[in-house]
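The values are calculated or read from the model by the stated rules, or taken from the named source; none is laboratory data. Please read all numbers here as calculations on a predicted model, not as lab measurements. In this analysis, Cβ positions are derived from the backbone assuming ideal geometry, glycine residues included, and neighbour counts consider all displayed protein chains.
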Amino acid sequence: MIRYALPIGYVVVMAATTAAATPHPTAQVLEVMRDNGCRLNTADAENAFSSRGLTPEDVSSVINSWAEQGLAGLDGSFFEIAPAICGAHGLAAEDAKGRADALYEFVRLNGCRMGKEEAEIKLRPAGFTKTETPILIDRLIADGRAQQEDPYIIVIGDAC
């Protein structure tokens, strides 16, 4: 479990001033992680999360929840999140295999199938472009890891 030590007064003031107008802590933690390529040095974590008004309790709760699901963990001094929630963030545009793997994991995490409307809402924030997505889907189909049944992409595999 990752914990951050901040003065209690700071935490109370930050919670009171940001609670009414901010998105859910899970969305904020995810945004911080994606902004950092889904890999964040623990030495930089306090500044990264507190700059978004996140309390140590909120961050710990989100991180622990992800860790319990096998979606996050520590790699030495780095906290990482899995491609299933990271999406394509941190992957080079030319890394077609890595991006296809990330799309596979992202769709798997989202119920193993995704329709066009859901994809339009979820894929861009996950770092997938509208141009590359059909190409990545074609790659997954060619690899036998997905199938297309209009209007859905359906992931094939043991986890689905």
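Name the single residue that is surrounded by the most Cβ atoms within 10 Å (Cβ to Cβ) among those in region 148-160 being in contact with a strand residue (DSSP E or B) (Cβ under 7 Å, 6 or more places away or on another chain) and closer than 15 Å to residue 116 by Cβ.
Residue satisfying both the conditions and the ranking: 153.
For residue 102, are the conditions met, namely being small (Gly, Ala, Ser), touching a Pro at 6+ places or on another chain (Cβ under 7 Å) and surrounded by 19 or more Cβ atoms within 10 Å (Cβ to Cβ)?
Yes.
Within the group 46, 80, which residue is in a helix (DSSP H, G or I), touching a residue at least 24 places away in the same chain (Cβ under 8 Å) and more than 22 Å from residue 160 (Cβ to Cβ)?
Sole residue among the options that is in a helix (DSSP H, G or I), touching a residue at least 24 places away in the same chain (Cβ under 8 Å) and more than 22 Å from residue 160 (Cβ to Cβ): 46.
Regarding region 56-68, can at least one residue be identified that is touching a Leu at 6+ places or on another chain (Cβ under 9 Å), part of a loop (DSSP other than H, G, I, E, B) and in the same structural domain as residue 28 (by TED's automatic domain parsing)?
no
Which residue, of 139, 108, 113, 124, is of a type in the set (D, E, K, R) and modelled with pLDDT of 95 or more?
The conditions single out 139.
Restricting the search to region 128-146, which residues are in a loop (DSSP other than H, G, I, E, B), of a type outside the set (Lys, Arg) and either closer than 14 Å to residue 89 by Cα or in contact (Cβ under 8 Å) with a residue 12 or more places away in the chain (or both)?
128, 129, 143, 144
May I ask you to say which residue of 23, 125 is within 16 Å of the chain's Cα centre (by Cα), within 29 Å of residue 156 (Cβ to Cβ), in a loop (DSSP other than H, G, I, E, B) and of a type outside the set (A, V, I, L, M, F, W, C)?
Within the list 23, 125, the selection yields 125.
Quick one: which residue in 103, 74 is out of contact with any Cys (no Cβ under 9 Å at 6 or more places or on another chain) and in contact (Cβ under 8 Å) with a residue 60 or more places away in the chain?
Step by step, each of 103, 74 is checked, and only 74 is out of contact with any Cys (no Cβ under 9 Å at 6 or more places or on another chain) and in contact (Cβ under 8 Å) with a residue 60 or more places away in the chain.
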